[in-house]
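Asks: Please find one structure pasted underneath; my questions will follow.
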Amino acid sequence: MSAPIIELRGISKRFGPSYDAAARLGRSIARRLGTEQKNEIVQAVDRVDLSVASGEVVGLVGESGCGKSTIGRMVAGIMPPSEGSVLYKGQDIATLPPDRARDAKLKVQMIFQDPYASLNPRLRVEDIVGEAPLVHGLVKRADFATYLDAQLRRAGLDPAYRRRYPHQFSGGQRQRIGIARALAVQPEFLVCDEAVAALDVSIQAQILNLFMDLRRELDLTYLFISHDLGVVEHLSDRVLIMYLGRIVESAATEEVFSRPNHPYTQALLAEVPRIEARKRRFTAITGEIPSPLAPPSGCHFHPRCPHAMPRCVQEEPQLRDIAPGHRSACHLNDRL
Amino acid sequence: MTATLEVRNLRTHFFTRAGVVKAVDDVSFSIAGGQVLGLVGESGSGKSVTGFSVMGLVDPPGHVVEGAILYQGRDITRLSERDMRALRGNRIAMIFQDPMMTLNPVLRIDTQMIEAVQAHAKVSRAQARSRARDALGQVGIPSPDERLAAYPHQFSGGMRQRVAIAIALLHHPDLLIADEPTTALDVTIQAQILSEVQKLAVTYGTALIWITHDLSVIAGLADEIAVMYAGRIVETGSAARVLDTPLHPYTQGLIGSVPSRNRRGEKLRQIPGMTPSLLRLPPGCAFRTRCPHADAACEQEPEPSQPVPGQTTRCFHPLIAVSA
Ligand SMILES: Nc1ncnc2c1ncn2[C@@H]1O[C@H](COP(=O)(O)OP(=O)(O)OP(=O)(O)O)[C@@H](O)[C@H]1O
Ligand SMILES: Nc1ncnc2c1ncn2[C@@H]1O[C@H](COP(=O)(O)OP(=O)(O)OP(=O)(O)O)[C@@H](O)[C@H]1O
Ligand code: SF4
Ligand code: SF4
Ligand SMILES: [Mg+2]
Ligand SMILES: [Mg+2]
């Protein structure tokens, strides 16, 4: 495999209470009412290592709120880690000279989970998608109209809509604006955060096929964050499973789907809805859902784990090899 | 028994400078208490606008230009804004595709949820707070007490979505329109939410309209399915019929694109061509330029027909006739 294009070394991210004016006001009122809450530190990402080779597609899956988007933002260089370092082609992005840092930021693009919040409501689509390529000299003024048309069409958007504002689009159309914007600057690395979640399966297929073509033609690399396990299985070479800020399992895609090791991974695969199912009864989660505000001791999954043992409450399981290229963080593996 | 909701010949159009966008064009369906209607279809085909129309929340330059929306037999397109406000969020609730349509970014979650409780229930602040707290627990948000004191931006995408769901469930509505409510949730939390709404339907007889692109969720949840394309419902029927023996070529193409129906790593099947612009729909069947079965007949407008009992379609050459 080629050298990593992106490498995360022991990165953590903690969020404290926010310090904007509204939050300060809220807290001072809460203090006066005596309802102030104790712990406000969220450990969103907890010592994660990750290396992505050029041309690779790495799937990132995990519970809602477990820190996937936070990892994505740190990879894209739009949020600094609290600890650890993010390396772009072997260089720590925190120590890059400004011009190289700008270059790295342009080459690593993110498609955001929340398409509406990430689009400036006062800009027309043509500016949202076209501004960066113009500013960075990727396209000449004279060729701009053709370039923009091609970018919009490629993401499945009708170029006739170029003068519209984001609120005039449907949810899936907005998502495609975000996709067109990210691809328009010709990135090398794409962080796709639920990038196709708002698309019907046919347009989703069109976008996923486009991603695969770009990978083949331009060696584009992907960190693919998604709750849709069918999509992750279809696209990824390797899958990482996260739970409450930590990576709990990683392996080649086929290995994860055929021999899931971690009990959380097994729970995920067991719940995957099947199109063949008819009018089934959905089951509530058994056990308590742990909170990143007060993470459970030992293994974070123990309050929900059907196999939890006394040791799981005390000791944090380490992520280690259980088979070539297959890593998992569960004490059950010690008994093998 | 009257249906909880009956929509008749609804047309909702946007009068933009570039022309009239017929986002919803002659849509009819009905749904009874305790039933789940899955609304699926092309991105941009009018699913959300159908929901906004029922809620009375279409913003200018959009208007409901025609049709009736009967809630428990009463046409609510004629209600005053005041009467509508009494229903909205109370008897009729919607979980918006974008949770920030429900949530105010500068207010704490507790402020917003307490307000939502007190808008339709005469309870004390403390009681309202405790109801808000329970509702968060129901949708799987841990440490609800601490989380109530947070702001929306401090939540992950899926947590915001769950707060919006919790708010919609607060008053056990008679009709719940859920617009892509679980796209940001992992499958275990999704199952938790789906089990809550199934409970709601059974316990309170809530009628559910579930808008989603996830056909696997719809397969397990819905009684009936309606498929939309370019502002129209092109197929309806029981979940089993529509998914197993689709009549409309668009429905068939859609089901064929599901990744689990394709080989891993290979190109996914997609419907050829692009969605026609709603500003310039070709005359006749809107799917004509992409349909493998199109012929001269399709240059006319297909009306809804029922080629097999319990399943309707808008197509001159429904697939059943081809195979039979
Ligand atoms: N700006 C912030 N301030 C405070 N807490 C935050 C902030 N952003 C994220 N968090 C917290 O960090 C944790 C991880 O959030 P993140 O958005 O990374 O989750 P996620 O895995 O992407 O979840 P989802 O699948 O729901 O999108 C959550 O508990 C969230 O509340
Ligand atoms: N304010 C507006 N002005 C003009 N056109 C609009 C406006 N709002 C929506 N539309 C158009 O109406 C059509 C229907 O939009 P709607 O949001 O109902 O689609 P949808 O079926 O929910 O799609 P998605 O699955 O992508 O969310 C879209 O083609 C959209 O571009
Ligand atoms: S370490 Fe223990 S609690 Fe954690 S997943 Fe393994 S068995 Fe379950
Ligand atoms: S009416 Fe004709 S063009 Fe339209 S879906 Fe049916 S066969 Fe295809
Ligand atoms: Mg996220
Ligand atoms: Mg929509």
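Asks: How high is the relative contact order of chain B, given as a whole-number percent (alpha carbon pairs under 8 Å, six or more residues apart)? Provide the component values of the computation, followed by the final result.
Replies: Values: 593 pairs, mean separation 65.1, N = 324.
Computed over chain B, the figure is 20 percent.
Asks: Looking only at A:69, A:82, A:202, which one moves most when chain A is put into a Gaussian network model with springs between Cα atoms under 10 Å?
Replies: Maximum among the listed residues: A:202.
Asks: A follow-up question, please. Once each part is reduced to its C-alpha centroid, what is the distance from segment B:33-105 to segment A:45-71 in angstrom?
Replies: Result: 37 Å between the Cα centres.
Asks: Only Cα pairs within less than 10 Å get springs; with that Gaussian network setup on chain A, which residue of A:146, A:70, A:265 has the largest fluctuation?
Replies: Maximum fluctuation in the GNM of chain A, among the listed residues, is at A:146.
Asks: What nm value, rounded to one decimal, do you get for the distance between residue A:252 and residue A:145 when each label is placed 7 Å out toward the C-beta?
Replies: 5.1 nm
Asks: Just give the residues from segment A:265-298 buried by at least 50 square angstrom of accessible area in the all-chains context relative to the isolated chain, probe 1.4 Å, and say none if nothing qualifies.
Replies: Listed by number, the residues meeting the 50 Å² cut-off are A:273, A:275, A:278, A:279, A:282, A:285, A:289, A:293.
Asks: Evaluate peptide B:192-198: per residue, the Cβ atoms of other protein chains within 10 Å of its Cβ; return the mean as an integer.
Replies: 4
Asks: For segment B:1-147, give me the percentage of DSSP beta bridges that are antiparallel, rounded to the nearest 5 percent.
Replies: Taking every DSSP beta bridge within segment B:1-147, about 95 percent pair in antiparallel fashion.
Asks: Lys and Arg at +1, Asp and Glu at -1: add these up for the other residues within a Cβ distance under 14 Å of residue B:205 and post the number.
Replies: Summing Lys/Arg as +1 and Asp/Glu as -1 gives 0.
Asks: Right, another one. Considering the Cα trace of segment A:39-121, what is its radius of gyration and what is Dmax, both in angstroms?
Replies: 13.9, 42
Asks: Please compute the contact order of segment A:257-336 in relative form: average sequence separation of alpha-carbon pairs under 8 Å and at least six residues apart, divided by the residue count, as a percent.
Replies: 23 percent
Asks: Still on this structure, I have one more. Mind ranking B:22, A:13 by accessible surface for me, highest first, 1.4 Å probe?
Replies: Order by accessible area, largest first: B:22, A:13.
Asks: Ok, one more. Quick check: net charge around residue A:202, other residues with Cβ under 14 Å of its Cβ, Lys/Arg +1 and Asp/Glu -1?
Replies: Neighbourhood net charge equals +2.
Asks: Tell me the volume per residue, in Å³, of the convex hull enclosing the alpha carbons of the protein assembly as shown.
Replies: So the per-residue hull volume is 166 Å³.
Asks: OK, next. Counting only other chains, and only Cβ atoms inside 10 Å, what mean value do you get across the residues of A:57-69?
Replies: 4
Asks: Let me ask another. What does the buried accessible surface come to for A and B, summed over both chains, with the probe at 1.4 Å? Round to 100 Å².
Replies: 6000 Å²
Asks: Also, I was wondering about something else. Amide H neighbours of residue B:94 under 5 Å, at least 5 residues apart or on other chains, H built in the peptide plane: list them.
Replies: So residue B:94 has HN proximity to B:89, B:177.
Asks: Per residue of segment B:18-26, in order, report the coupling 6.51 cos²θ - 1.76 cosθ + 1.60 (Karplus, θ = phi - 60°) as ³J(HN,Hα) in whole Hz, putting x for Gly and Pro.
Replies: Residue by residue, segment B:18-26 yields 7, x, 8, 8, 8, 5, 10, 9, 6 Hz.
Asks: Here is a follow-up. How large is Rg over Rh for chain A, taking Rg from the Cα atoms and Rh as the Kirkwood inverse mean of 1/r across Cα pairs?
Replies: Rg divided by Rh gives 0.99.
Asks: Next question. Under 13 Å from the Cβ of residue B:314, count the other residues' Cβ atoms, weight Lys and Arg +1, Asp and Glu -1, and hand me the total.
Replies: Residues close to residue B:314 contribute a combined charge of -3.
Asks: What residues in segment B:237-257 lose 10 Å² or more of accessible surface when the other protein chains are added to their chain alone (1.4 Å probe)?
Replies: Residues meeting the cut-off: B:240, B:243, B:244, B:254, B:257.
Asks: What percentage of the solvent-accessible surface of chain B, computed with a 1.4 Å probe over protein heavy atoms, is contributed by carbon and sulfur atoms?
Replies: Values: 6540 of 12630 Å².
Ligands and nucleic acids excluded, carbon and sulfur give 52 percent.
Asks: Enter the accessible area of residue B:52 (Å², nearest 10), with the probe set to 1.4 Å and all protein chains included.
Replies: Rounded to the nearest 10, the figure is 50 Å².
Asks: Counting only pairs 8 or more residues apart or on different chains, how many lysine pairs in the protein assembly as shown have their Cα atoms under 17 Å apart?
Replies: On the way: A:13/A:68; A:89/A:105; A:89/A:107; A:279/B:199; B:22/B:47.
Total qualifying Lys-Lys pairs in the protein assembly as shown comes to 5.
Asks: Mind putting a number on the dipole of chain A about its Cα centre? Charges go on the C-beta only, +1 for Lys and Arg and -1 for Asp and Glu, and I need it in Debye to the nearest 20.
Replies: Details: 43 positive and 39 negative charges, 197 e Å.
That gives chain A a dipole magnitude of about 940 debye.
Asks: Here is a follow-up. Ranked highest first by average number of other Cβ atoms within 10 Å, how do B:143-152, B:226-235, A:116-125 line up?
Replies: B:226-235, B:143-152, A:116-125
Asks: Could you derive backbone 3J(HN,Hα) for segment B:286-299 from the dihedral phi with the Karplus parameters 6.51, -1.76 and 1.60 (θ = phi - 60°), listing whole Hz in sequence and x where the residue is Gly or Pro?
Replies: Ordered by residue, 3J(HN,Hα) equals 5, 8, 3, 6, 10, 8, x, 9, 5, 8, 4, 4, 6, 6 Hz.
Asks: Please list, in order along segment B:224-235, the HN-Hα scalar couplings obtained from phi with the Karplus expression 6.51 cos²θ - 1.76 cosθ + 1.60 (θ = phi - 60°), rounded to whole Hz, x for Gly and Pro.
Replies: Karplus values, whole Hz, x for Gly and Pro: 10, 10, 10, 10, 9, 8, 6, x, 10, 8, 9, 7.
Asks: I've got another one for you. So what are segment B:9-127's ellipsoid semi-axes, whole angstrom, largest first, if each one is the square root of 5 times an eigenvalue of the alpha-carbon gyration tensor? Don't skip to the answer; put the middle values down first.
Replies: On the way: eigenvalues 156, 66, 43 Å².
Semi-axis lengths for segment B:9-127 are 28, 18, 15 Å.
Asks: State whether segment B:98-144 is rounded, prolate or oblate according to the following rule on the C-alpha gyration tensor (a ≥ b ≥ c being the square roots of its eigenvalues): a/c under 1.5 gives rounded; otherwise a/b larger than b/c gives prolate, and the remaining case gives oblate.
Replies: oblate
Asks: Please check segment B:138-161 for residues whose accessible area, probe 1.4 Å, is lower by 50 Å² or more when all protein chains are in place than in their chain alone.
Replies: Those are B:142, B:146, B:147, B:151, which lose 50 Å² or more relative to the chain on its own.
Asks: Okay, moving on. Throw me the Rg/Rh for segment B:175-247, computed over C-alpha atoms with Kirkwood Rh, two decimals.
Replies: Rounded to two decimals, Rg/Rh equals 0.97.
Asks: Which whole number gives the average, over all residues in B:213-223, of C-beta atoms from other chains lying within 10 Å of the residue C-beta?
Replies: The per-residue average across the peptide is 6.
Asks: Related question: For a test of the definition: using alpha carbon positions, the gyration tensor, and the 1.5 limit on a/c, classify segment B:216-324 as rounded, prolate or oblate.
Replies: oblate
Asks: Roughly how many Å² of residue B:195 are accessible to a 1.4 Å probe, to the nearest 10?
Replies: Residue B:195 exposes around 10 Å² with every protein chain in place.
Asks: Please state the relative contact order of segment A:150-305 as a whole percent: Cα pairs under 8 Å, 6+ residues apart? Each step should come with its number before you reach the end.
Replies: On the way: 136 pairs, mean separation 23.1, N = 156.
Reported relative contact order: 15 percent.
Asks: Additional query: Placing one identical point scatterer on every Cα of chain B and ignoring solvent, what is log10 I(q)/I(0) from the Debye formula at q = 0.13 Å⁻¹?
Replies: Log10 of I(q)/I(0), two decimals: -1.00.
Asks: Considering the Cα positions of segment B:96-213, please state its Rg to one decimal place and its Dmax as a whole number of Å.
Replies: Over segment B:96-213's Cα set, Rg and Dmax evaluate to 13.3, 40 Å.
Asks: Can you send over the carbon and sulfur percentage of the accessible area for segment A:63-112, probe radius 1.4 Å, protein chains only?
Replies: 51 percent
Asks: Which residue, B:249, B:272, B:307, tops the fluctuation ranking in a GNM of chain B built on C-alpha contacts under 10 Å?
Replies: Looking only at B:249, B:272, B:307, the largest GNM fluctuation is found for B:272.
Asks: Here's something else I'd like to know. With every protein chain kept in place and ligands, DNA and RNA left out, what is the accessible area per residue of the protein assembly as shown? Probe 1.4 Å, answer in Å².
Replies: 41 Å²
The values are calculated or read from the model by the stated rules, or taken from the named source; none is laboratory data. As the structure is a computational prediction, the values presented were derived from the model and not from experiment. Backbone-built Cβ (ideal geometry, glycine too); neighbour counts: all protein chains shown. Each accessible area value is taken on the protein alone, full model and side chains, heavy atoms only, with ligands, DNA and RNA left out. Shrake-Rupley method; radii C 1.70, N 1.55, O 1.52, S 1.80 Å.
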